[in-house]
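**Student:** Once you've had a glance at the structure underneath, I'll fire off some questions.
Since every read-out is calculated from the coordinates, none of them should be taken as a lab result. None of the values given here were measured: they were computed from a predicted structure. Glycine gets a Cβ as well: all are built from the backbone with ideal geometry, and neighbour counts include every protein chain shown.
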Amino acid sequence: MDDIKSSSGNVVGGWNGQSAKELQAEIQRIKIALAAEKSSDSLVSKDMPHRDQIHDDLQNFRAYHLWGCDKEGQCLVGSGANRIESMDKVLAFSLIDHH
């Protein structure tokens, strides 16, 4: 399922799992739309579609927001969904015991 849902369960967008850059753009679009509506709804990083593409060792990663990883191993991270890092880099950081 490609649906991006808000914290209240409303479908507010979508992502097909192909590109972390596309996920980043979609999250920014959704945040702008929610702000324009003066909505109290928000996005939850752990509720993004295609969580199955995130490495098993990162499923409970808590050091920083991990929004999603694309099929090429690029991950959208950060509380503002504003950085793209390789899954290898995120995995290396997680091995420093930041779970």
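**Student:** Give me the number: length gained by fully extending residue 62 to residue 31, i.e. 0.36 nm times residue separation minus the C-alpha to C-alpha distance, one decimal in nm.
**Tutor:** So the chain would gain 9.0 nm between residue 62 and residue 31.
**Student:** Given a 10 angstrom Cα cut-off, can you work out which residue in 45, 79, 19 is the most mobile in a GNM of the chain?
**Tutor:** Its mean-square fluctuation being the largest, the pick is 79.
**Student:** In whole percent, what relative contact order does the chain give with Cα contacts below 8 Å and a gap of six or more residues?
**Tutor:** Reported relative contact order: 26 percent.
**Student:** Measure nothing but the geometry: give the 0 to 90° angle between the long axis through the Cα atoms of 20-36 and the longest principal axis through the Cα atoms of the chain, rounded to 10°.
**Tutor:** 30 degrees
**Student:** So, one more: May I ask you to compute the full-extension gain from residue 89 to residue 18, defined as 0.36 nm times their residue separation minus their alpha-carbon distance, rounded to one decimal in nm?
**Tutor:** Stretched out fully, the residue 89 to residue 18 stretch lengthens by 23.6 nm.
**Student:** Still on this model: Can you pull out the trypsin sites (Lys or Arg not before Pro) in region 37-99 whose DSSP state is coil and whose Cβ has at most 15 other Cβ atoms within 10 Å?
**Tutor:** 38, 62, 71
**Student:** Right, next: Which of these values of mean projected area of the Cα convex hull in nm² was calculated from the structure shown: (1) 8.7; (2) 5.8; (3) 6.6?
**Tutor:** Working out mean projected area of the Cα convex hull in nm² from the coordinates points to (2).
**Student:** Return the lysines within reach of residue 21: Cα separation strictly under 19 angstrom, same-chain partners fewer than 8 residues apart disregarded; answer none if there are no such residues.
**Tutor:** Straight-distance partners of residue 21: 5, 31, 46, 71, 89.
**Student:** If you stretched the chain out fully between residue 38 and residue 1, how much longer would it get, using 0.36 nm times the residue separation minus the C-alpha to C-alpha distance?
**Tutor:** 10.6 nm is the gain from fully extending residue 38 to residue 1.
**Student:** Do any GluC sites (Glu not before Pro) in region 1-68 lie in a DSSP loop with no more than 13 other beta carbon atoms within 10 Å, and if so, which?
**Tutor:** Sparse-neighbourhood loop GluC sites (Glu not before Pro): 37.
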